[in-house]
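K.L.:
Dumping the structure here so I can ask a few things about it.
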Amino acid sequence: MERVSKNFGRKTALNNVGFTSFPGEIHSLIGENGAGKTTLMKVLSGLVVPDRGNIRFKGKEASILTPSDARKEGVGMVHQESLLIPAHTVLENLCLGNRFGSKGNVLPYRKVRIKLEELRDKTGLWMKEDKLIEDLSIGERQKVGILKLLLRDPEILIFDEPTSILAPQEVADLMSLFRRLSRDGKTVIFITHKLNEVIEISDRITVLKQGQVVCRTIPEETDVKKLSKVMIGEEVGANLANSGPVGATVAKLTSVKALGVLGEKKLMDVNLVVRRGEMVGIAGVEGNGQKELAEILSGLRRPDGGTVQLPREIGFIPDDRGGEALIGSFGISENVALGLVKDARFRWGPAMLWGKIEHYVRELITRYGIIATNHQQKVAELSGGNQQKVVLARELKRSQDLLIARNPTQGLDVKATSFFYKQMMQLLGRDFQRDGTEQQAGIVLISSDLEEILMFADEIYVLYNGGLLGVNKCKASKEFIGRLMLAGESGRVMSVKGDGCHEGP
Amino acid sequence: MKGHDAWVALAVSLLALLLTVFLTTGALVLGGYSPLLTFQSLLAGSFGSLDSFFGVTLVRAVPLIVIGLAVTVAFKSGVWNIGAEGQFYAGAIAGVWVGLNVGDYPSYFSVPLVFLSASVAGALWALLPALMRTRLGVGEVVTTILMNFVAIHLVSYIVRWPLQEERGVFPNTDLIDESVRLPTIVPGTGLHLGFVVAVILVIGLSFFFSNTSMGFQLRAMGGSQEATRVSGRSSIPQLLIVTFLLSGSLAGLAGGIEIAGRSFALYEGLSPGWGYTAIAVALLADLNFIAVLFTGIFFGALEGGAGAMQREAGIPATWVAGIEALVLLSVLASDRLFRRLLRPRRKED
């Protein structure tokens, strides 16, 4: 790609970007939120038409105006959110949009099955084809997405932040898939925020900043520190206190049970104590009861058994940004106001004090570095990372007693992540700049990002199949917790008793 | 952005009207009528004179505006209340019953009493679908429509038995007493105080939805129920009930206003499907309360001008129902068309 430029309104998304990749290489594309990574790849895959610039494949000029043009050139993209139909089976989803020369309205089940077996032999990737998508974990859905792309046998595969939702073992699997693909002569383009993954896997690295290429390098010549410097000039997790004084109990769950719509058990006999100034980390693969636990902890839902003690001021960062955290058709102001409707400072009787709210929102936009045209811009028009910043800005403010955060740093770049970590430390009362009279809050971090949990949590639990297993922080290794998270998926049942440290192998 | 959106909405509405005129012209030509004469008589009948504007168009517009507000309240909050017709009749039944039995009190007491009872009746009529939605999870589209038929047949029963006029001949109630009727506001025409009530409601609702926390939560629920529940910490069942009751009470109030302002009696077919036309009123207004005032008058003009059109151009008045339907279809079509035209310039990433 040469001299590609794209403007959205007055905002420049890409400015004279050149990007080259070769067959058989794994090329990482990194940069801050809104740096233009996704836009650049959307240009390549025909989802966005550039204002200027041209694209060449194997030396030949190509005009890519639509996704099907890109498909013809052998470009395919695995998106951040999976575009699968939940109520259909894996096979049906794979048949959708892949005709394989079959005529009329007949779905090419047989051909797809044969192709799947070929793929299994070649890449080791396999999914039970008659399973419903809605029964699959997020990691498995992603595999289906990858399979769907591989069926078309593309030359260039683009992965848009594929690892942010995966457990460590799943990430390792994905990495080895990347290697196999590149051995087969495919080009893998890997968009990510996680710099250690970049160093580990890439053949080459391109760093984007504010729509321009600021660095092209190879892993041998760089390291995580250098890369994050290039991206934003800061290191992650620097100057963060790891422990602090712990206060009174702020939330307590006693033998809590929760049932699903059909009466199935979602949570069983969960006991949890959160104290002020303490961060509790709950690791686990999505779909093991995280949603239910988070909703009970944030007071949104009553348990179907057991007792719950909660404080008054609770902030909640949900997992599903577009569905539960934000209203896409509303502006930034109104989305922040969603958290203020019951706040006496922003109300005068039944009336909302919009002037005051907007003033406050403008302040937040500056403080959190939210990139937007103004405070009324619809959040659907913001980039994923900036949307997450809006959520954080709103929820951190209401977390005076307790913060429940599910995958809070999803889609955030290094800078925004470290800003968020600092804010969390402040909530915990570990901020050195303050005099200590500040009230401390408790935090429950529910995340599939194990690194994050290991870095900050005072207490670590693993949520597996609705049960909460305590883990001894000092003894447990990352690999051990990782296996605990996946115990069911791999068929190995771990013998977990008490603090979970009596592990054999 | 807000101003930009308003312009788009206005452009969509104007495009829809243009499309309607175009399609209607085609249909008229095919039917062997003169389009020019048709539109001329339609305009003359609705805007041509003081009497036709105040006495016909605006009088017709009153129930359309008020029910249009009821529909807007519901749709804005994500509740598909198609039952305004039934709620209107429930209000009309309660209104006429109170009107006939209130006794000899001054207007400033009995008229508000009619309004109040009509609103309460409309709200109660919407309560059953509301409870079915919040308690049982039954979609309101079907339940509210079915409640319309119940209300319509209830009116048939009431005007033949319990409340039939004194002589027991015609299927309608007696006229309510002078003291329960709304005063006219433009002398010499039939325009009654109900129009002022409608305007006040427009302003009040517009304020309520943009400036109060309850109104904001309702709007938020219309934007995303999950986000309102999770991030707004609002009780969705509670907000749904509020929406149903508010929407139903407005439609019911329209029934009360119609009884006290124009018909003075209840009879079958009091509403020629206003509960449904109001959906078009609300959608053409892009669910904007202020705009409902104007789209309500526009539809009032269409219906008001229908009589003149039949007399002057010899076109059956039912054509107007067809035109109304075309307006609705054109709105939906132009909305899509416009969004498609605007899409390439939308921001992504």
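Just so it is clear, none of the values below were taken in a lab; they were calculated from the coordinates. Quantities reported herein were computed from a predicted structural model and do not represent experimental measurements. Backbone-built Cβ (ideal geometry, glycine too); neighbour counts: all protein chains shown.
K.L.:
Taking 0.36 nm per residue of sequence separation and subtracting the Cα-Cα distance, how much length would be gained by fully extending the chain between B:Val21 and B:Phe338, in nm to one decimal? Let's see the in-between values first.
P.N.:
On the way: separation 317, 0.36 × 317 = 114.12 nm, distance 1.82 nm.
Contour length minus Cα-Cα distance gives 112.3 nm.
K.L.:
Moving to a separate point now. Using the structure shown, select from A:Lys291/A:Lys389; A:Lys148/A:Lys389; A:Lys115/A:Lys291; A:Lys37/A:Lys143 the pairs with a Cα to Cα distance greater than 25 angstrom.
P.N.:
Working: A:Lys291/A:Lys389 21 Å; A:Lys148/A:Lys389 32 Å; A:Lys115/A:Lys291 36 Å; A:Lys37/A:Lys143 22 Å.
Those over the limit are A:Lys148/A:Lys389; A:Lys115/A:Lys291.
K.L.:
Something else about it: Hey, what angle do you get for helix A:384-397 against the long axis of chain A, alpha-carbon based, 0 to 90 degrees rounded to 10?
P.N.:
On a 0 to 90 degree scale, this one is about 0.
K.L.:
Using the structure shown, select from A:Lys58/A:Lys111; A:Lys356/A:Lys397; A:Lys58/A:Lys186 the pairs with a Cα to Cα distance greater than 21 angstrom. Walk me through the numbers on the way to the answer.
P.N.:
Numbers: A:Lys58/A:Lys111 30 Å; A:Lys356/A:Lys397 15 Å; A:Lys58/A:Lys186 13 Å.
Beyond 21 Å between Cα atoms: A:Lys58/A:Lys111.
K.L.:
Here's a follow-up. So how do B:Val281, B:Val196 line up by other beta-carbon neighbours within 10 Å, fewest first? It would help to have the intermediate numbers written out before the result.
P.N.:
Values: B:Val281 31, B:Val196 13.
With the fewest neighbours first, B:Val281, B:Val196 line up as B:Val196, B:Val281.
K.L.:
Sticking with this one: Using the basic label-point model (7 angstrom from Cα toward the beta carbon), what is the A:Ala344 to B:Trp161 distance in nanometres?
P.N.:
5.6 nm
K.L.:
Which FRET efficiency, nearest 0.05, do A:Leu454 and A:Asp173 yield, Cβ-Cβ r, R0 35 Å? Write down the numbers at each step before the final one.
P.N.:
Values: r = 20 Å, r/R0 = 0.58.
Result of the calculation: an efficiency of 0.95.
K.L.:
Check the straight Cα-Cα distances from A:Lys473 and name the aspartates and glutamates below 12 Å, setting aside those fewer than 8 residues away within the same chain.
P.N.:
A:Asp458, A:Glu459, A:Asp499
K.L.:
Ordered by packing density, taken as the mean number of other Cβ atoms within 10 Å over each peptide's residues, highest first, how do A:60-68, B:226-234, B:147-155 rank? Intermediate values should be presented prior to the final figure.
P.N.:
Values: A:60-68: 12.6, B:226-234: 22.3, B:147-155: 18.7.
Per-residue Cβ counts within 10 Å, averaged per peptide and sorted highest first, yield B:226-234, B:147-155, A:60-68.
K.L.:
Let me ask another. With an 8 Å cut-off on Cα pairs and a minimum separation of 6 or more residues, tell me the relative contact order of region A:322-455 in percent. Can you show the working numbers first?
P.N.:
On the way: 148 pairs, mean separation 30.9, N = 134.
Worked out over region A:322-455, it gives 23 percent.
K.L.:
Okay, moving on. So how far apart, in nm, are the two label points at B:Ser210 and B:Phe109 if each is 7 Å from Cα heading toward Cβ?
P.N.:
Distance between the two pseudo-spin positions: 4.0 nm.
K.L.:
Provide a whole-number value for the mean count of partner chain Cβ atoms within 10 Å of the Cβ atoms in peptide A:308-319. Write out the running numbers ahead of the final one.
P.N.:
Numbers: counts 0, 0, 0, 0, 0, 0, 1, 0, 3, 1, 4, 0.
The per-residue average across the peptide is 1.
K.L.:
Just checking the output field for B:229-239: average partner chain Cβ neighbours within 10 Å of each residue's Cβ? Walk me through the numbers on the way to the answer.
P.N.:
Numbers: counts 4, 11, 17, 8, 10, 3, 0, 0, 0, 0, 0.
The mean count of partner-chain Cβ atoms within 10 Å per residue comes to 5.
K.L.:
Applying 1/(1 + (r/R0)^6) with R0 = 56 Å to the Cβ-Cβ distance of A:Leu259 and B:Leu30, what FRET efficiency is obtained, to the nearest 0.05? Mind showing how you got there, number by number?
P.N.:
On the way: r = 62 Å, r/R0 = 1.10.
According to the calculation, E is roughly 0.35.
K.L.:
Can I ask one more? What's the average, rounded to a whole number, of partner chain beta-carbon atoms within 10 Å of each residue's beta-carbon in A:344-354? Mind showing how you got there, number by number?
P.N.:
Values: counts 0, 0, 1, 2, 2, 2, 6, 8, 8, 2, 3.
The shielding value for this peptide is 3.
K.L.:
Could you work out the relative contact order of chain B? I mean the mean sequence separation of Cα pairs under 8 Å and 6+ apart, divided by the number of residues, in percent. Please report the intermediate quantities before stating the final value.
P.N.:
Values: 595 pairs, mean separation 123.1, N = 349.
Dividing the mean separation by the residue count of chain B yields 35 percent.
K.L.:
Still on this model: Under a Cβ-Cβ cut-off of 14 Å, what is the net charge of the residues other than B:Ser334 that fall near it, where Lys and Arg count +1 and Asp and Glu count -1? Present the calculation step by step, with values, prior to reporting the outcome.
P.N.:
Values: positive: B:Arg336, B:Arg339, B:Arg340; negative: B:Asp286, B:Asp335.
With Lys, Arg at +1 and Asp, Glu at -1, the neighbours total +1.
K.L.:
So, R0 is 30 Å and r is the distance between the beta-carbons of B:Leu175 and B:Val196; what FRET efficiency does that work out to, to 0.05? Write out the running numbers ahead of the final one.
P.N.:
Numbers: r = 23 Å, r/R0 = 0.76.
That gives a FRET efficiency of 0.85.
K.L.:
For the charge dipole of the protein assembly as shown, defined by +1 on Lys and Arg C-beta atoms and -1 on Asp and Glu C-beta atoms about the Cα centroid, which residue among A:Val230, B:Asn148, B:Val111 has the Cα displaced farthest towards the positive pole?
P.N.:
Comparing the listed Cα positions along the dipole, A:Val230 ranks first.
K.L.:
With contacts defined as alpha carbon pairs under 8 Å and 6 or more residues apart, what's the relative contact order of region B:187-338 in percent?
P.N.:
On the way: 80 pairs, mean separation 30.0, N = 152.
About 20 percent, as a whole number.
K.L.:
Here's another thing I want to ask about it. Sort A:107-115, B:107-115 for me by packing, meaning the mean count of neighbouring Cβ atoms within 10 Å per residue, highest on top.
P.N.:
B:107-115, A:107-115
K.L.:
Can you pull the Rg over Rh of the protein assembly as shown, Cα-only, Kirkwood? Show your work: numbers first, answer last.
P.N.:
Numbers: Rg = 31.9 Å, Rh = 30.8 Å.
Rounded to two decimals, Rg over Rh is 1.03.
K.L.:
Let me ask something else. Ranking B:His192, A:His359, A:His88, A:His193 by Cβ neighbours within 10 Å, fewest first, what do you get? Walk me through the numbers before you get to the answer.
P.N.:
Numbers: B:His192 22, A:His359 12, A:His88 15, A:His193 25.
So the residues, fewest neighbours to most, are A:His359, A:His88, B:His192, A:His193.
K.L.:
For each of B:Leu116, A:Leu83, A:Leu297, A:Leu150, count neighbouring Cβ atoms within 10 Å of the residue's Cβ, then give the residues from fewest to most. Intermediate results must be reported in sequence, preceding the final value.
P.N.:
Numbers: B:Leu116 17, A:Leu83 12, A:Leu297 26, A:Leu150 23.
Least crowded to most crowded, the residues run A:Leu83, B:Leu116, A:Leu150, A:Leu297.
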